[in-house]
Amino acid sequence: MSGNESMSEEESYQDMEHLPDNQAELLAEFERRRRARTIHVSTDDNEVKINLRQLNEPICLFGEGPAERRERLKNLVSRLSDDEIARKLKKKEEQEKREEESQNEVTWYHEGSELMLYGRFQIAEYSLKKAKERIAEQKAQSQILEIDRSAKIQESYRHIRSFANYCSQVGDIRPLSFCCFSPNSKMVAVSSWSGVCKLWTVPDCQLYRTYAGHTCNVSSMVFHPKSTLTLDTKSVNLVSTAFDGTVKLWNLEEEKPIGQLEGMEPARVSKAEFHPSGKFLACVCHDNSWRLWDMERSEEILHQEGHSRPVLDIAFQCDGSICCTGGQDSYGRVWDLRTGRCIMFMEGHLKSILSIDFNPNGYQVATGSEDNTVRIWDLRQSKCIYTIPAHNNLISKVKFQKGDGNYLVTASYDYSLKVWAHPGWTPLKELKGHEQKIMGCDISDDNKWIVSCAFDKTFKFWSQENF
């Protein structure tokens with residue numbers, strides 16, 4: 001036999017069966033070392049630890065450094081067959097799935113105070129009245145001829161298709177994180193990662209107020225539902241939230257905060273949202289919970305858990321009877337504010353739910369996710385009725401048209417805004433102009449404007465080309 005001729009692995013294993021035990025073990029060890037040299041292991045110590053955990057091995061031994069840990073993983077993999085590795089990984093995945101399911105099955109309810117009971121009565125009284133008005137309006141709409149209803153919808157489609165970039169303004173020295181219109185559609189609030197929030201006039205983009213009170217990234221800034229309409233300018237007109245867990249209260253006359261809601265630090269507050277009545281404020285936090293505050297007393301009346309990971313967004317139904325939360329656990333939950341119960345569990349997204357909005361019809365919800373899709377949920381059927389493969393990157397914001405809900409606007413990290421028809425969910429318009437990922441958007445109450453803010457430090461107004 002020539003010295004350059006090599007045997008196959010099958011032949012070598014057959015020969016090992018006829019060798020003495022010690023020689024067979026020696027050859028097996030040589031074969032293992034040869035295999036170990038061909039195994040590629042990540043040089044990232046964090047990935048090495050993750051791989052060890054997946055194989056149900058300790059991630060760190062006493063006196064072990066990154067190099068020794070990497071060598072241990074390589075030796076471990078070389079001793080296991082492909083079937084054994086697959087079996088260990090499958091067992092680990094099944095265990096993690098069981099743990100996650102057990103966490104999702106548990107919804108925690110905190111014992112409420114007398115103030116919470118009074119708050120639930122207030123919400124019930126407000127929502128029942130609003131629901132009656134909404135149903136009466138829907139009944140009136142049903143009496144209109146189908147051809148007239150269709151013509152109105154088509155007119156709203158033509159209106160939104162004519163939108164283009166009206167103007168662009170540099171909003172701050174750091175990326176912008178959030179934007180929203182005032183209820184009278186004449187101002188827009190923009191928050192920034194510099195810790196500064198600003199009010200700008202619409203449509204001339206003149207700076208109206210600069211609010212400097214936060215010391216870190218601001219995550220959101222929202223208007224009171226009656227601000228710029230009937231609310232006193234010296235009262236709480238705006239609320240801002242930050243990464244350090246602070247929530248500050250602002251009016252329209254002073255550039256310093258007039259108050260602060262305490263109790264959520266140091267957990268990041270992702271967003272705040274006013275109840276439609278304006279009497280309550282909801283805050284979603286990175287401690288896996290959301291809170292409800294009585295704004296007349298500046299007192300927390302509800303601390304609700306239920307998500308297994310940080311909560312990222314919350315939205316109220318137009319009647320104010322229910323709200324919907326979504327988070328990094330990829331699940332959404334619909335809560336009845338009058339009873340405190342979770343009445344619907346939204347399962348379907350593959351990654352975090354980043355944005356939520358209710359359709360003005362009261363029974364449909366849109367959720368935008370890190371999995372690049374938008375899902376439409378019907379509360380009457382308690383299920384997802386449509387999935388829109390909306391963008392090429394994560395969905396940072398979803399907003400329905402105010403009033404009629406004839407279209408849905410989505411913002412994404414792929415630098416674009418898109419408009420989708422309701423109820424067909426076909427694309428109507430794509431708005432491009434930002435040079436970096438879009439962090440948020442909003443639609444004015446008069447439906448004449450769309451505003452978007454982005455990582456490129458600018459915010460843009462979009463409107464009809466001949467406006």
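Observations on the model:
- Modelled FRET efficiency - R0 51 Å, LYS90 with ARG341, Cβ distances, 0.05 increments: 0.90
- Between LYS351 and GLU465, the modelled label-to-label distance comes to 3.4 nm, taking each label 7 Å out from Cα in the direction of the beta carbon.
- With Cα atoms, 0 to 90° folded angle of helix 114-142 axis to the chain main axis: 70
- Set of lysines near LYS139 by C-alpha distance (under 20 Å), chain-local residues within fewer than 8 positions excluded: LYS129, LYS130, LYS152, LYS402
- Selected from THR339, VAL451, CYS285, residue furthest toward positive end of dipole (the chain; charges at beta carbon): VAL451
- Compared with the dominant principal axis of the Cα atoms in the chain, helix 146-161 is inclined by about 70°.
- A Förster distance of 25 Å, applied to the separation of the beta-carbon atoms of GLU64 and LEU26, puts the FRET efficiency at 0.35.
- Spacing of the modelled spin labels on ASN165 and ILE385, each 7 Å from Cα toward Cβ, amounts to 3.6 nm.
- Label-to-label distance for LYS186 and GLU254 is 2.4 nm, based on points extended 7 Å past Cα in the beta-carbon direction.
- The stretch 137-208 and the stretch 243-313: distance between their alpha carbon centers, rounded to Å: 24
- For GluC sites (Glu not before Pro), the sites in the stretch 213-312 that DSSP calls loop and that have at most 15 other Cβ atoms within 10 Å are GLU253, GLU254, GLU255, GLU262, GLU296.
- Dipole of the stretch 118-464 computed with +1 at Lys/Arg Cβ and -1 at Asp/Glu Cβ about the Cα centre; of GLN401, SER412, THR426, farthest Cα towards the positive end is THR426.
- Cα pair distances in the chain, grouped into 10 Å bins until the bin that holds the longest one, percent each: 4, 17, 25, 21, 12, 8, 6, 4, 2, 0
- Here the dipole of the stretch 118-464 is about 560 debye; that uses its Cα centre as origin and unit charges on the Cβ of Lys and Arg (positive) and Asp and Glu (negative).
- Across the cross-link table entries LYS198/LYS397; LYS132/LYS429; LYS90/LYS351; LYS397/LYS437, which are compared at the Cα atoms, the separations over 23 Å belong to LYS132/LYS429.
- For VAL247, the residues whose amide H sits under 5 Å from its own are LEU261, ignoring neighbours fewer than 5 places away on the same chain, with H placed 1.01 Å from N.
- Relative to the longest principal axis of the Cα atoms of the chain, helix 66-79 runs at roughly 60 degrees.
- Calculated mean residue ellipticity at 222 nm for the chain: -8500 deg cm²/dmol, from DSSP H runs with n ≥ 4 weighted as -39500 (n - 2.57), summed, divided by the residue count and rounded to 500.
Bear in mind that the values in this text are calculations on the coordinates, not laboratory data. Since the structure is predicted, the reported quantities are computational estimates derived from the model, not experimental observations. Note that each Cβ is placed from the backbone with ideal geometry, even for glycine, and that neighbours are counted across all protein chains shown.
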